[in-house]
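Enquirer: Shown below is the structure under consideration.
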Amino acid sequence: MTITIKNAEEIEKMRAAGRAAASLLEMIGSHIKPGVTTNALDEICAQYTLETLGATSAPLNYHGFPKSICTSVNHVVCHGIPDDKPLKSGDVINIDVTPLKAGYHGDSSCMFIVGEGSIQARRLSRVAYESMVRGIRMVRAGARLGDVGHAIQTYAEQHDYAIVREYCGHGIGVGFHEDPQVLHYGSPGTGTLLQSGMTITIEPMLNVGSRHVKVLGDGWTVVTKDRSLSAQWEHTVLVTDEGFEVLTLRNGESI
Ligand code: MF3
Ligand code: CO
Ligand code: CO
C-alpha cells in the first residue's frame, strides 16, 4: 500500500482540480429539469471541462467507461452511464464529476431532485449529505479512517438508512483512485492513520432499503438489489494538522 503525501506545490494543484470539480457541479444544476436527458448533461459537462476549465474528464475511457460523467438516477447507486432517457419530475439524480487538471484529479458528486421530489427522496438526500459531513468533520492528522467510517455509518443508521459496503472513497491525486480505501463504515480507533498532506475522497452511498447492490449487464451501473432509492454525495478532502480542507467546496457551501 502506497499512500502519497502531497507537498505544498502538489496541494496547490489539488486545489485547482478541486475547484474545477466544484465549478462543474455549480454549472450543471441549472440544466437539470424534466425532459433533459443524461446524455445532454454529459455533453454539457464534457464541453465545459475542456473549454472553460482547460481540463479533461477522467471518467471517459477509464477502464472502458464510455462517458465523461456518471449519472445515477433513483435506484442506481453509482456509476450510472448517461443515456437518452429524459429525466422526469420526482427523479433523484447523482452527478459525479472528475476533472483532470494539470495532472491532478478533483472528484465530487452531488444529488439533484428533479421538480419537487417525494418527502422520502428529500430526506434521503439530506441524510446522505449530512452523513458525509459527519465523516469529513472527523478528518485531521492523527485521526484514523475507522473514526471517519464510524461517524458516517452511525449517522446513516440512526436515520434508518443502510450504507453500501462494496464501494468506498479513496486516496486521490495524480491517480484517480489511490490508496487508501476510505470505508464508509467501521470502528473508532481502527484503520489507516491520517497524516497531513493526504488527499482523500469521502463519498457515502445510502439506501432506503437493504444495503445490498448488484451490477447490471453493462458492467458499470450499480443498483440496489431491492430497487429502493439510493443517494450519494462526494467531496475531495485534504488532511491538515488542524483538521481538513474541503477542496471541492461549492459556492455558498460550508462544512
Ligand atoms: N467518480 C467515481 C468515484 O467517485 C468513479 C467513477 S469511475 C467511472 O470514485 F469509470 F465510472 F467513471
Ligand atoms: Co471518488
Ligand atoms: Co466521484
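The values are calculated or read from the model by the stated rules, or taken from the named source; none is laboratory data. Just so it is clear, the model here is predicted, and its values are computed rather than measured. Every residue, glycine as well, gets a Cβ built from its backbone with ideal geometry; the counts of neighbours run over all protein chains shown. Please note that ligands, DNA and RNA were not included when accessible areas were found on the heavy atoms of the full protein model with its side chains. Shrake-Rupley method; radii C 1.70, N 1.55, O 1.52, S 1.80 Å.
Enquirer: Add +1 for every Lys or Arg and -1 for every Asp or Glu among the other residues with Cβ under 14 Å from the Cβ of Val182, and state the total.
Expert: With Lys, Arg at +1 and Asp, Glu at -1, the net is -4.
Enquirer: Hey, another quick one. Sum -39500 (n - 2.57) across every DSSP H segment of at least 4 residues in the chain, then divide by the residue count to get the 222 nm mean residue ellipticity, nearest 500.
Expert: Mean residue ellipticity at 222 nm (helix-derived): -9000 deg cm²/dmol.
Enquirer: Turning to a different aspect of this structure: Keeping the other protein chains in place, figure out the carbon and sulfur percent of the accessible area of the chain, with a 1.4 Å probe.
Expert: 51 percent
Enquirer: Using only the alpha-carbon atoms, what does region 164-229 span along each of its principal axes? Please give whole angstrom values in decreasing order.
Expert: 40, 29, 14
Enquirer: To continue, here is another question. Please work out the average accessible area per residue across the chain, using the 1.4 Å probe convention, and give it in Å².
Expert: The answer is 42 Å² per residue.
Enquirer: When every alpha-carbon pair in the chain is counted, what percent end up more than 27 Å apart?
Expert: 31 percent
Enquirer: On to the next question. What whole-number distance in Å separates the alpha-carbon centres of region 150-213 and region 234-255?
Expert: Between the Cα centres of region 150-213 and region 234-255 lies a distance of 16 Å.
Enquirer: Report the Cα-based extents of region 119-255 along its three principal axes, largest first, to the nearest Å.
Expert: Each principal axis gives a Cα extent; for region 119-255 these are 42, 33, 31 Å.
Enquirer: With no solvent and one point on each alpha carbon, what is the Debye value of log10 I(q)/I(0) for region 13-165 at q = 0.13 Å⁻¹?
Expert: The calculated log intensity ratios at q = 0.13 Å⁻¹ are -0.66.
Enquirer: May I pose another question? For Glu43, what is the net charge nearby, where nearby means another residue's Cβ is under 14 Å from its Cβ and Lys, Arg count +1, Asp, Glu -1?
Expert: Overall, the nearby charge balance is -3.
Enquirer: Which whole-number percent gives the relative contact order of the chain, counting Cα pairs below 8 Å spaced six or more residues apart?
Expert: In percent, rounded to a whole number, it is 23.
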